[in-house]
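Readers should treat all values here as calculations from the given coordinates under stated rules, not as data from a laboratory. From a predicted model like this one, the values you see are computed outputs, not experimental measurements. Every residue, glycine as well, gets a Cβ built from its backbone with ideal geometry; the counts of neighbours run over all protein chains shown.
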Amino acid sequence: MSAAIPDLRPIEAFLDPTHHALAAQVSAFASHTLAPRPEPADDDAARREARVLLAELEHGTLDPIRAQDWRACCLAREALAAASPLADAVFALQALGLVPMLLSGNQPMIDRWVGDGIAGRAMAAFAMTEPEAGSDVAAMATTARRDGGDYVLDGRKVFISNAGIADVYTVFASTDRSAGGKGISCFVVPAETPGFQFVRPQVLSSPHPLGEIAFESCRVPAANRLAEEGKGFGLGLRTLDRLRATVGAAACGMGARALQEALAHARSRRQFGKPLAEFQLVQDKLARMATDLTAARLLVYHAAWTADRGAERVTREAAMAKSYATEAAQRIVDDAVQILGGAGVLASHPVDRLYRSVRALRIYEGTTEIQRIVIAAQLVQEAETRPSG
Ligand SMILES: Cc1cc2nc3c(=O)[nH]c(=O)nc-3n(C[C@H](O)[C@H](O)[C@H](O)COP(=O)(O)OP(=O)(O)OC[C@H]3O[C@@H](n4cnc5c(N)ncnc54)[C@H](O)[C@@H]3O)c2cc1C
């Protein structure tokens with residue numbers, strides 16, 4: 001079975017007419033070209049496949065990133081993730097690597113990298129996480145020391161998607177460690193820069209190029225700095241504000257595919273003389289899966305719509321969308337595996353692929369726990385500033 005076109009009816013109120021054409025185009029590409037392909041056999045194959053996918057995603061699929069059309073980015077990720085979680089990751093990393101350049105307004109960097117990135121000629125990466133700085137980003141130890149017209153970077157980063165295969169890395173480093181988050185700056189580091197090093201792959205259970213990188217006296221021109229010195233953390237947060245809804249959209253794509261597979265199986269598989277779909281315990285699962293999925297999509301497209309209306313920060317909306325959708329997708333995919341029975345844990349089955357792929361979404365770009373801390377902090381802050389009475 002190939003991935004289906006996402007059902008736009010529940011989210012219709014959040015879309016513009018142009019979004020329909022885009023959704024149809026990406027879905028057709030995803031279901032005809034991506035869905036039939038076998039999963040790469042190992043990490044090396046996944047790395048090669050990611051580069052192939054980047055070239056193929058050209059043809060307009062990556063355009064919404066440059067346009068900063070977040071609803072379109074969500075539609076693209078939803079369709080891609082339903083067919084190929086690896087293709088979705090390729091889209092996501094182009095966005096994560098290029099959006100800081102766009103938001104910073106650093107025109108030379110935009111001119112050098114965004115066109116090539118959107119055309120699929122240059123692969124991007126986003127390097128924030130470190131061994132001692134995961135959720136606590138401000139604890140990062142990578143430094144960038146000013147030296148004349150350059151900065152010199154030293155340190156290492158782990159869990160970096162596209163590590164070793166990207167052409168350009170958007171890197172966060174501290175220019176003033178005593179200032180914590182207010183001392184973090186952001187730099188564009190081309191992969192061929194002397195002192196930049198791909199250290200090792202970190203192999204996941206699902207195909208996703210990941211790894212460790214290091215900087216040793218890695219010199220980049222000051223012109224490669226995005227935003228002012230010390231404003232890199234804010235730039236990173238603004239980037240994540242916009243892209244977290246798209247992580248939720250990817251989760252929805254995986255959830256929708258899982259529901260589709262489970263429904264098809266429940267209708268065709270007969271036990272005790274009738275289709276599984278006629279058993280009420282199976283119906284209960286299907287009903288909860290569909291309801292969860294619709295609720296998740298409404299939060300995702302509401303967050304993206306809010307960002308598209310020009311809101312400077314969409315922190316709470318994005319945190320709700322990301323945490324709810326990724327947790328919901330996990331439940332949906334798990335229920336789909338259960339409905340498939342033994343067939344659902346065969347490595348070749350799409351729901352097994354989804355089962356291995358959906359898990360990381362609750363962790364990367366801020367864990368569910370961190371999203372809930374963000375939401376609760378805003379609730380408390382609002383309650384404290386609201387006039388009493
Ligand atoms: C597939 C994948 C791809 C990734 N790609 C990238 C990338 O391209 N670039 C990049 O920079 N990073 C990337 N990451 C890293 C990712 O962003 C981090 O893994 C994530 O931010 C969590 O950090 P950590 O793994 O160090 O976990 P930790 O921060 O150590 O957290 C471990 C657990 O403790 C919980 N926890 C932490 N602090 C609190 C708290 N205050 N209150 C309650 N609970 C808390 C967390 O929620 C989590 O459950 C990727 C990760 C994965 C899995």
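If R0 is taken as 41 Å, the Cβ-Cβ distance between ARG309 and GLU132 corresponds to a FRET efficiency of 0.60.
For region 271-389, what is the charge dipole size about the Cα centre, in debye to the nearest 20, if Lys and Arg each add +1 at the Cβ and Asp and Glu each add -1 at the Cβ? Spell out each step's value before the answer.
Numbers: 15 positive and 14 negative charges, 28 e Å.
With Lys and Arg at +1 and Asp and Glu at -1, about 140 debye.
When both bridge partners sit in the chain, DSSP labels roughly 85% of those beta bridges antiparallel.
Alpha carbon centre of region 336-389 versus region 10-61: separation in Å? Result: 22 Å between the Cα centres. Relative to the longest principal axis of the Cα atoms of the chain, helix 43-57 runs at roughly 90 degrees. Between the residues ALA141, TRP305, GLY164, the greatest Cα displacement towards the positive end of the dipole of the chain, with unit charges on the Cβ of Lys, Arg, Asp and Glu, is found for TRP305.
Think of the chain as having a plus end and a minus end, set by charges on the Cβ of Lys, Arg, Asp and Glu; of HIS208, CYS186, GLN197, HIS208 sits farthest toward the positive end of this dipole. A viscosity of 1.306 mPa s and a temperature of 10 °C, combined with the Kirkwood radius over Cα pairs in Stokes-Einstein, give a translational diffusion coefficient for the chain of 74 µm²/s. So for region 185-313, Kirkwood radius off the Cα pairs, Stokes-Einstein at 10 °C and 1.306 mPa s: how many µm² s⁻¹? It comes out at roughly 83 µm²/s.
Going from the fewest other Cβ atoms within 10 Å to the most, the residues GLU312, GLU212 appear in the order GLU312, GLU212. Taking the longest Cα principal axis of the chain as reference, the axis of helix 70-83 is set at about 60 degrees.
For CYS73, CYS186, the sequence from fewest to most other C-beta atoms within 10 Å is CYS73, CYS186. When PHE126, PHE196, PHE91 are sorted by how many other C-beta atoms sit within 10 angstrom of their C-beta, beginning with the fewest, the order is PHE196, PHE91, PHE126.
Mind putting a number on the dipole of the chain about its Cα centre? Charges go on the C-beta only, +1 for Lys and Arg and -1 for Asp and Glu, and I need it in Debye to the nearest 20. Intermediate results must be reported in sequence, preceding the final value.
Details: 42 positive and 45 negative charges, 124 e Å.
Computed charge dipole of the chain: roughly 600 debye.
Relative to the dominant Cα principal axis of the chain, helix 368-385 is inclined by about 70°.
Nearest-5 percent of antiparallel DSSP beta bridges in region 123-172? Here the share of antiparallel DSSP bridges comes out near 60 percent. From the alpha carbon centroid of region 64-135 to that of region 212-267 is 7 Å. Note on LYS182: lysines with a C-alpha under 27 Å away, same-chain residues under 8 apart excluded, are LYS157, LYS231, LYS322.
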